[in-house]
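Student: Take a look at this one; I'll ask things after.
The values are calculated or read from the model by the stated rules, or taken from the named source; none is laboratory data. Worth saying up front: this structure is predicted, and the values here are computed from it rather than measured. Virtual Cβ from ideal backbone geometry, glycine too; neighbours counted across all protein chains shown. Ligands, DNA and RNA are stripped out before the accessible areas are found, and what is left, the full protein with its side chains, is counted by its heavy atoms. Shrake-Rupley method; radii C 1.70, N 1.55, O 1.52, S 1.80 Å.
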Amino acid sequence: MPRPKSPLVWILLAVGGACALCCTGTLGLMVLGLLGGDATPGAVATSPMNRARAGTRGEPGGFAFDAPPGWKKLEDGRFILEWVDRGDTLGVEALRLPSVPGLDDGEGKLARLWRERIGADWNDVKPNPLAMRRFVTNGACAYFTAAEVRSKTNNRSFRVSLYLVEADDRLEPLVFIQSFMTPGGIAESLSASFSWNASYPRVEEALKGVRGSPVGLPLVDDEEVVGDFLYGSSTSTQWVNAYTGSATMTAVSYSAEYSFGANHAFQYKYAGASGQVGAMRFGSEDDQGTWSVKHDVLTVAGAKRTRRFLLVGAARTPEGKRTLYLMPEHPGWSLSPGGIAQHAELYVAKD
(Lines give C-alpha, C1' and ligand atoms only; values in the text may rest on other atoms or scores of the structure.)
Protein backbone atom coordinates (compact mmCIF):
# COMPACT_ATOMS: atom_id res chain seq x y z
CA MET A 1 0.00 0.00 0.00
CA PRO A 2 1.54 3.35 -0.94
CA ARG A 3 2.17 5.49 2.11
CA PRO A 4 1.91 9.27 2.26
CA LYS A 5 5.28 11.02 1.98
CA SER A 6 4.82 13.06 5.12
CA PRO A 7 4.89 11.13 8.44
CA LEU A 8 1.89 13.12 9.60
CA VAL A 9 -0.15 11.83 6.72
CA TRP A 10 -0.05 8.55 8.56
CA ILE A 11 -1.88 9.97 11.57
CA LEU A 12 -5.36 8.95 12.47
CA LEU A 13 -7.52 9.47 15.51
CA ALA A 14 -10.05 7.38 17.33
CA VAL A 15 -12.55 9.21 19.44
CA GLY A 16 -16.31 9.66 19.33
CA GLY A 17 -17.87 13.03 18.75
CA ALA A 18 -19.75 15.12 21.22
CA CYS A 19 -22.45 17.73 21.01
CA ALA A 20 -24.31 19.82 23.56
CA LEU A 21 -27.01 17.93 25.48
CA CYS A 22 -26.62 14.73 23.47
CA CYS A 23 -23.25 13.09 23.29
CA THR A 24 -21.41 9.81 22.99
CA GLY A 25 -17.88 8.85 23.82
CA THR A 26 -15.46 6.03 24.86
CA LEU A 27 -12.84 5.92 27.57
CA GLY A 28 -11.24 3.94 30.37
CA LEU A 29 -10.39 4.35 34.02
CA MET A 30 -7.46 6.57 33.09
CA VAL A 31 -9.34 9.09 30.99
CA LEU A 32 -10.50 12.67 31.28
CA GLY A 33 -10.80 16.09 29.78
CA LEU A 34 -12.71 17.70 26.96
CA LEU A 35 -12.28 20.77 24.85
CA GLY A 36 -14.21 22.77 22.37
CA GLY A 37 -12.43 25.39 20.35
CA ASP A 38 -14.07 28.63 19.30
CA ALA A 39 -16.48 28.48 16.39
CA THR A 40 -13.98 30.39 14.26
CA PRO A 41 -10.97 28.37 13.05
CA GLY A 42 -7.68 29.51 14.49
CA ALA A 43 -9.11 30.55 17.87
CA VAL A 44 -9.72 28.30 20.84
CA ALA A 45 -11.47 28.62 24.15
CA THR A 46 -9.07 28.33 27.06
CA SER A 47 -9.55 26.12 30.08
CA PRO A 48 -11.51 27.67 32.95
CA MET A 49 -8.35 27.74 35.02
CA ASN A 50 -4.64 27.07 34.87
CA ARG A 51 -4.10 24.04 37.06
CA ALA A 52 -1.48 24.22 39.80
CA ARG A 53 1.63 22.17 39.03
CA ALA A 54 2.62 21.04 42.52
CA GLY A 55 2.85 17.35 41.67
CA THR A 56 5.97 15.28 42.27
CA ARG A 57 8.64 14.75 39.66
CA GLY A 58 7.88 11.96 37.24
CA GLU A 59 10.05 10.56 34.46
CA PRO A 60 13.62 11.98 34.45
CA GLY A 61 13.76 14.43 31.58
CA GLY A 62 9.98 14.67 31.70
CA PHE A 63 9.02 12.17 28.98
CA ALA A 64 9.71 8.64 27.78
CA PHE A 65 8.18 6.37 25.15
CA ASP A 66 9.16 2.71 24.84
CA ALA A 67 7.43 0.93 21.96
CA PRO A 68 6.13 -2.59 22.74
CA PRO A 69 8.05 -5.65 21.55
CA GLY A 70 7.31 -6.50 17.93
CA TRP A 71 6.95 -2.92 16.74
CA LYS A 72 9.40 -2.05 13.95
CA LYS A 73 11.37 1.19 14.29
CA LEU A 74 11.86 3.02 11.00
CA GLU A 75 14.82 5.19 10.08
CA ASP A 76 12.82 8.41 10.51
CA GLY A 77 12.03 7.49 14.12
CA ARG A 78 8.51 6.18 13.58
CA PHE A 79 7.31 2.85 14.96
CA ILE A 80 4.97 0.57 13.01
CA LEU A 81 3.08 -2.65 13.61
CA GLU A 82 1.09 -4.49 10.92
CA TRP A 83 -0.79 -7.78 11.03
CA VAL A 84 -3.31 -9.78 8.99
CA ASP A 85 -6.81 -10.35 10.37
CA ARG A 86 -9.12 -12.60 8.32
CA GLY A 87 -7.41 -11.55 5.10
CA ASP A 88 -7.40 -7.81 5.89
CA THR A 89 -4.24 -5.90 6.81
CA LEU A 90 -4.47 -3.76 9.96
CA GLY A 91 -1.77 -1.42 11.14
CA VAL A 92 -0.81 1.09 13.81
CA GLU A 93 1.96 3.68 13.55
CA ALA A 94 3.41 5.92 16.25
CA LEU A 95 5.50 9.05 15.78
CA ARG A 96 6.63 12.01 17.83
CA LEU A 97 6.32 15.67 16.88
CA PRO A 98 8.41 18.60 18.16
CA SER A 99 7.83 19.64 21.77
CA VAL A 100 5.31 22.38 22.61
CA PRO A 101 6.63 24.84 25.26
CA GLY A 102 4.64 25.36 28.48
CA LEU A 103 2.06 23.29 30.38
CA ASP A 104 -0.69 25.92 30.37
CA ASP A 105 -3.79 25.64 28.15
CA GLY A 106 -3.11 22.05 27.09
CA GLU A 107 -6.54 21.74 25.48
CA GLY A 108 -6.05 24.87 23.39
CA LYS A 109 -2.62 23.74 22.28
CA LEU A 110 -4.04 20.34 21.35
CA ALA A 111 -6.69 21.98 19.18
CA ARG A 112 -4.18 24.26 17.47
CA LEU A 113 -1.77 21.42 16.72
CA TRP A 114 -4.67 19.34 15.42
CA ARG A 115 -5.69 22.09 13.00
CA GLU A 116 -2.22 23.11 11.92
CA ARG A 117 -0.51 19.74 11.55
CA ILE A 118 -3.22 17.13 11.12
CA GLY A 119 -5.39 19.48 9.08
CA ALA A 120 -2.51 20.26 6.74
CA ASP A 121 -1.91 16.61 5.84
CA TRP A 122 -5.37 15.05 5.91
CA ASN A 123 -8.86 15.65 4.55
CA ASP A 124 -12.06 15.74 6.65
CA VAL A 125 -10.24 17.20 9.68
CA LYS A 126 -12.71 19.12 11.84
CA PRO A 127 -11.26 22.42 13.17
CA ASN A 128 -12.63 22.11 16.72
CA PRO A 129 -11.73 18.64 18.03
CA LEU A 130 -12.98 17.12 21.25
CA ALA A 131 -10.07 17.43 23.70
CA MET A 132 -9.96 14.86 26.48
CA ARG A 133 -7.60 14.04 29.33
CA ARG A 134 -6.21 10.85 30.73
CA PHE A 135 -3.33 9.58 32.82
CA VAL A 136 -0.42 7.84 31.14
CA THR A 137 1.36 4.90 32.78
CA ASN A 138 3.19 6.73 35.57
CA GLY A 139 0.31 9.05 36.46
CA ALA A 140 1.22 12.09 34.36
CA CYS A 141 -1.58 13.93 32.56
CA ALA A 142 -2.07 13.75 28.79
CA TYR A 143 -4.48 15.73 26.62
CA PHE A 144 -5.74 13.83 23.60
CA THR A 145 -8.22 13.74 20.75
CA ALA A 146 -8.96 11.40 17.85
CA ALA A 147 -11.02 11.15 14.66
CA GLU A 148 -11.40 9.35 11.38
CA VAL A 149 -9.77 11.24 8.51
CA ARG A 150 -8.95 10.64 4.87
CA SER A 151 -5.72 10.59 2.92
CA LYS A 152 -5.19 13.51 0.55
CA THR A 153 -3.49 11.20 -1.95
CA ASN A 154 -5.96 8.32 -2.31
CA ASN A 155 -8.95 9.26 -0.08
CA ARG A 156 -8.52 6.13 2.06
CA SER A 157 -9.79 6.21 5.65
CA PHE A 158 -7.48 6.26 8.68
CA ARG A 159 -7.97 6.92 12.36
CA VAL A 160 -5.57 9.36 14.03
CA SER A 161 -4.99 9.96 17.74
CA LEU A 162 -3.02 12.97 18.93
CA TYR A 163 -1.64 13.09 22.49
CA LEU A 164 0.08 15.93 24.34
CA VAL A 165 1.85 14.48 27.40
CA GLU A 166 2.90 16.79 30.23
CA ALA A 167 6.71 16.68 30.53
CA ASP A 168 8.34 19.06 33.04
CA ASP A 169 7.91 22.51 31.40
CA ARG A 170 6.58 21.39 28.01
CA LEU A 171 4.06 19.16 26.24
CA GLU A 172 5.32 16.22 24.18
CA PRO A 173 3.14 15.38 21.13
CA LEU A 174 2.67 11.74 20.22
CA VAL A 175 0.60 10.55 17.26
CA PHE A 176 -0.97 7.14 16.64
CA ILE A 177 -2.34 6.21 13.19
CA GLN A 178 -4.64 3.23 12.70
CA SER A 179 -4.92 1.86 9.16
CA PHE A 180 -6.99 -0.75 7.36
CA MET A 181 -6.57 -2.36 3.94
CA THR A 182 -8.67 -5.09 2.35
CA PRO A 183 -7.75 -7.08 -0.80
CA GLY A 184 -9.13 -5.35 -3.88
CA GLY A 185 -10.36 -2.40 -1.84
CA ILE A 186 -13.97 -3.64 -2.00
CA ALA A 187 -16.14 -1.64 0.44
CA GLU A 188 -12.92 -0.66 2.19
CA SER A 189 -14.19 2.62 3.64
CA LEU A 190 -17.13 0.95 5.39
CA SER A 191 -15.03 -1.98 6.58
CA ALA A 192 -12.37 0.39 7.90
CA SER A 193 -14.90 2.12 10.16
CA PHE A 194 -15.62 -1.24 11.82
CA SER A 195 -11.92 -2.05 12.24
CA TRP A 196 -10.92 0.75 14.61
CA ASN A 197 -12.12 -1.08 17.72
CA ALA A 198 -10.12 -4.12 16.57
CA SER A 199 -6.84 -2.24 16.12
CA TYR A 200 -7.26 0.18 19.03
CA PRO A 201 -6.02 -2.29 21.69
CA ARG A 202 -2.58 -2.03 20.02
CA VAL A 203 -2.66 1.72 20.66
CA GLU A 204 -3.32 1.02 24.34
CA GLU A 205 -0.41 -1.42 24.38
CA ALA A 206 1.86 1.33 23.08
CA LEU A 207 0.51 3.84 25.61
CA LYS A 208 1.75 1.57 28.40
CA GLY A 209 5.23 2.68 27.37
CA VAL A 210 4.46 6.42 27.74
CA ARG A 211 5.57 8.27 30.88
CA GLY A 212 5.59 11.96 31.73
CA SER A 213 5.98 14.51 34.53
CA PRO A 214 4.75 15.78 36.97
CA VAL A 215 2.71 13.04 38.62
CA GLY A 216 0.31 12.90 41.55
CA LEU A 217 -2.06 15.63 40.35
CA PRO A 218 -5.83 15.14 39.94
CA LEU A 219 -7.02 14.82 36.39
CA VAL A 220 -9.78 17.37 37.06
CA ASP A 221 -9.69 20.09 39.69
CA ASP A 222 -12.66 20.59 42.02
CA GLU A 223 -13.19 24.08 40.61
CA GLU A 224 -13.89 22.55 37.21
CA VAL A 225 -16.69 20.39 38.67
CA VAL A 226 -18.50 23.09 40.66
CA GLY A 227 -21.62 24.39 38.88
CA ASP A 228 -25.00 23.42 37.43
CA PHE A 229 -24.78 20.94 34.53
CA LEU A 230 -27.50 19.50 32.29
CA TYR A 231 -27.51 16.45 30.00
CA GLY A 232 -30.34 15.42 27.70
CA SER A 233 -31.04 12.82 25.04
CA SER A 234 -33.97 11.94 22.80
CA THR A 235 -34.79 9.58 19.95
CA SER A 236 -37.94 8.75 18.01
CA THR A 237 -39.15 6.26 15.42
CA GLN A 238 -42.10 6.67 13.05
CA TRP A 239 -44.11 3.67 11.88
CA VAL A 240 -46.26 3.73 8.72
CA ASN A 241 -48.93 1.11 7.94
CA ALA A 242 -48.24 -0.03 4.37
CA TYR A 243 -51.93 -0.79 3.76
CA THR A 244 -53.75 2.09 5.42
CA GLY A 245 -51.08 4.77 5.33
CA SER A 246 -51.67 5.62 9.01
CA ALA A 247 -48.60 6.60 11.02
CA THR A 248 -47.60 6.25 14.65
CA MET A 249 -44.51 7.42 16.48
CA THR A 250 -42.64 6.15 19.52
CA ALA A 251 -40.07 8.20 21.38
CA VAL A 252 -37.65 8.15 24.30
CA SER A 253 -36.56 11.43 25.87
CA TYR A 254 -34.88 12.29 29.15
CA SER A 255 -32.76 14.90 30.91
CA ALA A 256 -30.53 14.79 33.97
CA GLU A 257 -29.27 17.77 35.95
CA TYR A 258 -26.50 17.94 38.55
CA SER A 259 -25.75 20.92 40.78
CA PHE A 260 -22.29 20.53 42.31
CA GLY A 261 -21.56 22.92 45.18
CA ALA A 262 -18.18 24.27 46.26
CA ASN A 263 -18.85 22.66 49.66
CA HIS A 264 -18.97 19.23 47.93
CA ALA A 265 -22.75 18.93 48.26
CA PHE A 266 -24.84 18.02 45.21
CA GLN A 267 -28.44 17.94 44.04
CA TYR A 268 -29.72 15.72 41.24
CA LYS A 269 -32.90 15.83 39.15
CA TYR A 270 -34.03 13.47 36.41
CA ALA A 271 -37.10 13.51 34.15
CA GLY A 272 -37.92 11.15 31.29
CA ALA A 273 -40.69 9.97 28.98
CA SER A 274 -41.05 6.97 26.68
CA GLY A 275 -43.63 5.15 24.61
CA GLN A 276 -46.08 5.93 21.82
CA VAL A 277 -46.66 9.64 21.26
CA GLY A 278 -50.03 10.48 22.78
CA ALA A 279 -49.74 7.70 25.33
CA MET A 280 -46.28 8.17 26.78
CA ARG A 281 -45.15 7.08 30.24
CA PHE A 282 -43.36 9.64 32.40
CA GLY A 283 -40.94 9.25 35.28
CA SER A 284 -38.78 11.40 37.53
CA GLU A 285 -36.16 11.06 40.26
CA ASP A 286 -34.21 13.32 42.58
CA ASP A 287 -31.37 12.86 45.06
CA GLN A 288 -28.88 14.83 47.11
CA GLY A 289 -25.69 14.16 49.03
CA THR A 290 -21.95 14.71 48.57
CA TRP A 291 -19.53 14.49 45.65
CA SER A 292 -15.78 13.85 45.38
CA VAL A 293 -13.13 13.33 42.72
CA LYS A 294 -10.31 10.82 43.12
CA HIS A 295 -7.84 9.99 40.38
CA ASP A 296 -10.10 10.21 37.31
CA VAL A 297 -13.38 9.09 38.88
CA LEU A 298 -16.24 11.31 40.08
CA THR A 299 -18.23 9.73 42.94
CA VAL A 300 -21.70 11.10 43.71
CA ALA A 301 -22.86 9.69 47.06
CA GLY A 302 -26.58 10.37 47.40
CA ALA A 303 -29.15 9.55 50.04
CA LYS A 304 -30.85 7.12 47.64
CA ARG A 305 -27.85 5.66 45.81
CA THR A 306 -24.21 6.20 44.90
CA ARG A 307 -23.15 6.82 41.30
CA ARG A 308 -19.62 6.74 39.88
CA PHE A 309 -18.47 8.34 36.64
CA LEU A 310 -15.26 8.10 34.70
CA LEU A 311 -14.16 11.68 33.97
CA VAL A 312 -13.65 12.17 30.26
CA GLY A 313 -13.71 15.93 29.92
CA ALA A 314 -14.10 19.26 31.67
CA ALA A 315 -13.61 22.12 29.24
CA ARG A 316 -15.76 24.35 27.02
CA THR A 317 -18.05 24.06 24.01
CA PRO A 318 -17.34 26.11 20.86
CA GLU A 319 -19.85 28.61 22.30
CA GLY A 320 -17.74 28.95 25.45
CA LYS A 321 -19.94 27.01 27.91
CA ARG A 322 -18.28 24.80 30.51
CA THR A 323 -18.90 21.09 30.29
CA LEU A 324 -18.43 17.84 32.16
CA TYR A 325 -17.96 14.81 29.93
CA LEU A 326 -18.82 11.75 32.02
CA MET A 327 -19.09 8.02 31.51
CA PRO A 328 -21.40 6.29 34.02
CA GLU A 329 -19.95 3.27 35.84
CA HIS A 330 -20.24 0.37 33.51
CA PRO A 331 -18.43 -2.98 32.90
CA GLY A 332 -17.16 -1.66 29.58
CA TRP A 333 -15.27 1.39 30.85
CA SER A 334 -12.83 1.60 27.99
CA LEU A 335 -10.88 4.03 25.84
CA SER A 336 -11.83 2.22 22.65
CA PRO A 337 -13.74 4.28 20.06
CA GLY A 338 -16.92 2.25 20.44
CA GLY A 339 -16.92 2.54 24.22
CA ILE A 340 -17.07 6.32 24.27
CA ALA A 341 -19.62 6.49 21.51
CA GLN A 342 -22.07 4.32 23.41
CA HIS A 343 -21.74 5.37 27.02
CA ALA A 344 -20.32 8.85 27.63
CA GLU A 345 -22.61 11.79 28.45
CA LEU A 346 -21.85 15.48 27.85
CA TYR A 347 -23.19 17.69 30.64
CA VAL A 348 -23.30 21.38 29.66
CA ALA A 349 -23.30 24.20 32.22
CA LYS A 350 -26.64 26.02 32.51
CA ASP A 351 -25.01 29.43 33.16
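Student: Taking the range 116-134, which residues are basic (Lys, Arg), open to solvent by 40 Å² or more (accessible area, probe 1.4 Å) and either within 27 Å of Asp66 (Cα to Cα) or in contact (Cβ under 8 Å) with a residue 60 or more places away in the chain (or both)?
Tutor: Correct list: Arg117 only.
Student: Given the conditions (1) modelled with pLDDT of 90 or more; (2) open to solvent by 20 Å² or more (accessible area, probe 1.4 Å), report the number of the one that Ala39 does not fulfil.
Tutor: (1)
Student: Quick test for you: out of Thr137, Thr145, pick the one residue that is farther than 23 Å from Thr323 by Cα and touching a residue at least 40 places away in the same chain (Cβ under 8 Å).
Tutor: Thr137
Student: Given (1) surrounded by fewer than 21 Cβ atoms within 10 Å (Cβ to Cβ); (2) over 30 Å from Trp291 (Cβ atoms); (3) modelled with pLDDT of 95 or more; (4) within 20 Å of the chain's Cα centre (by Cα), where does Leu230 come up short, assuming only one miss?
Tutor: All conditions pass for Leu230, except number (2).
Student: Gly216: modelled with pLDDT of 95 or more and either open to solvent by 60 Å² or more (accessible area, probe 1.4 Å) or over 25 Å from Met132 (Cβ atoms) (or both), yes or no?
Tutor: no
Student: A further question follows. Considering the range 135-151 alone, what residues qualify as being crowded, with 24+ Cβ neighbours inside 10 Å, out of contact with any Gly (no Cβ under 6 Å at 6 or more places or on another chain) and closer than 15 Å to Glu204 by Cα?
Tutor: Ala142, Phe144, Thr145, Ala146 - these are the residues of the range 135-151 that are crowded, with 24+ Cβ neighbours inside 10 Å, out of contact with any Gly (no Cβ under 6 Å at 6 or more places or on another chain) and closer than 15 Å to Glu204 by Cα.
Student: Right, something else. Determine which member of the set Pro48, Pro98 is at pLDDT 50 or above, outside any strand (DSSP E or B) and not acidic (Asp, Glu). Walk me through how you get there before you give the answer.
Tutor: Working: Pro48 fails: at pLDDT 50 or above.
Selected residue: Pro98, the only one of Pro48, Pro98 that is at pLDDT 50 or above, outside any strand (DSSP E or B) and not acidic (Asp, Glu).
Student: Here is a list: Gly106, Gly91, Gly102. Which entry is surrounded by 24 or more Cβ atoms within 10 Å (Cβ to Cβ) and either over 17 Å from Leu335 (Cα atoms) or without any contact (Cβ under 8 Å) to a residue 40 or more places away in the chain (or both)? Quick ask: steps written out before the conclusion?
Tutor: Working: Gly91 fails: surrounded by 24 or more Cβ atoms within 10 Å (Cβ to Cβ); Gly102 fails: surrounded by 24 or more Cβ atoms within 10 Å (Cβ to Cβ).
Just a single option satisfies the conditions, and that option is Gly106.
Student: Could you please let me know if Ser193 is farther than 22 Å from Leu326 by Cα, over 18 Å from the mean Cα position of the chain (by Cα) and hydroxyl-bearing (Ser, Thr, Tyr)?
Tutor: No, not satisfied.
Student: Looking at the structure I just gave you, is Gly245 in a strand (DSSP E or B) and at positive phi? Explain how you work it out, then say what you get.
Tutor: Values: in a strand (DSSP E or B): no; at positive phi: yes.
Here the answer is no, as Gly245 does not meet what is asked.
Student: Let me ask you something else. Is it the case that some residue within the range 191-207 is in a strand (DSSP E or B) and either of a type outside the set (A, V, I, L, M, F, W, C) or open to solvent by 30 Å² or more (accessible area, probe 1.4 Å) (or both)?
Tutor: The answer is no, given that none of the residues of the range 191-207 is in a strand (DSSP E or B) and either of a type outside the set (A, V, I, L, M, F, W, C) or open to solvent by 30 Å² or more (accessible area, probe 1.4 Å) (or both).
Student: Shifting gears a bit: Here are Arg159, Arg170: which of them is at pLDDT 95 or above, more than 22 Å from Leu217 (Cα to Cα) and not aromatic (Phe, Trp, Tyr)?
Tutor: Testing whether each residue is at pLDDT 95 or above, more than 22 Å from Leu217 (Cα to Cα) and not aromatic (Phe, Trp, Tyr) leaves just Arg159.
Student: Looking for something more than 16 Å from Val92 (Cα to Cα), modelled with pLDDT under 95 and among the β-branched types (Val, Ile, Thr) - is there at least one such residue anywhere in the range 182-198?
Tutor: yes
Student: Any chance the range 254-266 includes a residue that's at pLDDT 90 or above and acidic (Asp, Glu)? Explain how you work it out, then say what you get.
Tutor: Of all residues in the range 254-266, those at pLDDT 90 or above come to 255-266.
The next check asks that each one be acidic (Asp, Glu); those that pass are 257.
Looking for residues that are at pLDDT 90 or above and acidic (Asp, Glu), one finds at least one in the range 254-266, hence yes.
Student: Please enumerate the residues belonging to the range 51-95 that are in a loop (DSSP other than H, G, I, E, B), at pLDDT below 95 and under 27 Å from Ala314 (Cβ atoms).
Tutor: Within the range 51-95, Arg51, Ala52, Arg53, Ala54, Gly55, Arg57, Gly58, Glu59 qualify.
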